Amino acid sequence: MEGVNIGTGCMDIRVGTVEPAVWQGDGLVLAVPAFEGELPETLARLDREVLGGLQEMATEGEFQGKADTQIGGRVGAGPIRKVAVMGLGAADKITPDALRKTAAQALRWADRQKCRTLALAFPGEDPVPLVEGITLAAHRDRRFKTESPDKPSDKLSVVSVELLGLPATTQAAIAPTQALIDSVILARELVAAPPNYVTPQTLADTATELAKAHPDCLTVEILEREQCQELGMGAFLGVAQASELPPKFIHLTYRHGEPKHKLAVVGKGLTFDSGGLNLKVGAGSSIELMKIDMAGAAATLATAKAIAHRQPPNLEVHFIVAACENMISGRALHPGDILVASNGKHIEIDNTDAEGRLTLADALVFADRLGVEAIVDLATLTGACIVALGDSMAGLWATDEDLVQRLQTASQYTGEKMWRMPLEEPYFQQMKSVVADFKNAGSRSGGSITAALFLKQFIDKTPAWAHIDLAGPVWTDKENGYHNAGATGYPVRTLTAWLESYGV
């Protein structure tokens, strides 16, 4: 599979050394907090000395710096061809994500204006949200589109961006941020690729390539079906048994320095989910989109890439994926079958389309036996979570307050939203089985909660565990903030920030 097409490496981003009034280039975007009346003096002076017409444009457009508003166009006859001013809203409510989204809007404006060079003049001294917004919006996944002289190209016009008004020392933050977004783009392109391109073998190959690229800190182990059988992974292998493609159990380990913390990230890796004999049918089944059912695995591997590049010290992290397909054949799992997971639990199959939790069960047992202090699992697990929280945020279930605090702090900075949900233990009664320890699904009521409670049965020794149901935010059907339509790469930036909070 081809790698990044338009990513951070194709765009030069640097801290500018000049003031907006003397910058020369195709497009200048200024971001301002909300104001009343005339333009703020800094903009008014720039308008008088260089631009001309900006005050008139603001007056005619009733522009007052409110969030998600902008004015712009050709201004004056100076060295700057086009100018836009974008509103950030109330000054005391400007968040890193507001800056991130506005930077994305600025890039899209410049692209529509066919600018090759762009300068941003934003408040604050942190370049990271700006670089993230620019590079996330810049990514265009063109791997499966044929170039044609008969239709306009969707290649990005902007080739260089200068960030004006920042201290020169902030230049050092740009390259690591670009590398982080390259990791997000890896997740996006794994999720967006069709299931005949991304298979369990593809995920295993990706992990192997990451380890080869970072031999100083990454090692990889790929368990084949026979090795999984020896470890008693009956739940994982039960899901995989109908597919013609062999399952792959991926264990990628990051080590840097003498570990003070040992952690694990476990990602659901269903490269295609037909639903099995409980086939996904009818309106709303979304079977055509089930290539995204490995978004947890994609985020897991992409986070490993980010961590290997940024190398937080004194840390050991285990990245684990049980990769397979959920298909239909004469070998398919039946409703009513009983599977034995690697911790000895007997599971009655109530619904073959509740398969992701079965693969995660054995992956969690594997992680739990590594002696880690915290496990975070990621899964496009339930439609019920989308019903509860919509498309823009994930559900978070956890057993430890410190782990929740670390994840939520990271989430608030990255803008990758998650909402804590209850582990309501009595709901697990829905999954009571007459013939086995429990079933793999309950009723429709509280479906995302019962799924989390199912996973909790496979955590024994690890003191802190969190489950993130990311079914909603991993894909968007239309342009949304700094995401273009398609895979979003959620929540690679949050996981990276979470892991780096331990690396001290």
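Coordinate-derived values only; no laboratory data. Here the structure is a predicted model, which is why all the values come from computation and not from measurement. A quick note on method: Cβ atoms are made from the backbone with ideal geometry, for glycine too, and the neighbour counts reach across all protein chains shown.
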Fill in: Extended-chain gain in nm, criterion 0.36 nm per residue less alpha-carbon gap, residue 412 and residue 437
5.1 nm
Fill in: Distance violations [Cα-Cα > 32 Å] among 248/280; 66/478; 101/461; 260/417
101/461
Worksheet item: Per the Debye formula with a single identical scatterer at each Cα and no solvent contribution, what log10 I(q)/I(0) holds for the chain at q = 0.07, 0.09, 0.12 Å⁻¹?
Response: -0.41, -0.65, -1.03
Worksheet item: Amide H to amide H under 5 Å from residue 470: which residues, 5+ apart in sequence or cross-chain, H placed 1.01 Å off N in plane?
Response: 379, 380, 381
Fill in: Cα pair count fraction exceeding 27 Å, expressed as % - the range 8-177
24
Worksheet, complete the sentence: Counting every C-alpha pair in the range 153-290, the percent lying more than 26 Å apart is 46
Worksheet entry | Extension gain, residue 168 back to residue 154 (0.36 nm per residue minus Cα-Cα distance, nm) | 1.7 nm
Discussion item. I need the peptides 433-446, 184-197, 358-371, 453-466 ranked by packing, meaning the mean over residues of other C-beta atoms within 10 angstrom, with the highest value on top.
Written reply: 358-371, 184-197, 453-466, 433-446
Discussion item. Using the Kirkwood radius over C-alpha pairs as Rh, can you work out the diffusion coefficient of the range 187-242 via Stokes-Einstein at 20 °C, viscosity 1.002 mPa s, in µm² per second?
Written reply: 163
Worksheet, complete the sentence: The correct pair for the range 369-504, radius of gyration to one decimal and Dmax as a whole number, both in Å and from Cα atoms, is 15.7, 50
Worksheet item: Where does the range 315-431 land on Rg/Rh, using Cα atoms and the Kirkwood Rh?
Response: 0.98
Discussion item. Debye calculation, C-alpha points only, no solvent: report log10 I(q)/I(0) for the range 113-201 at q = 0.22 Å⁻¹, in the same order as the q values.
Written reply: -1.15
Discussion item. How far apart, in nanometres, would the label points at residue 144 and residue 351 be if each is projected 7 angstrom from Cα along the Cα-to-Cβ direction?
Written reply: 2.7
Worksheet item: Amide H of residue 465: which non-local residues (sequence gap of 5 or more, or other chain) have their own amide H closer than 5 Å, using H built in the peptide plane?
Response: 375, 399, 400
Worksheet, complete the sentence: Of every Cα-Cα pair in the range 193-487, the percentage lying beyond 28 Å is 32
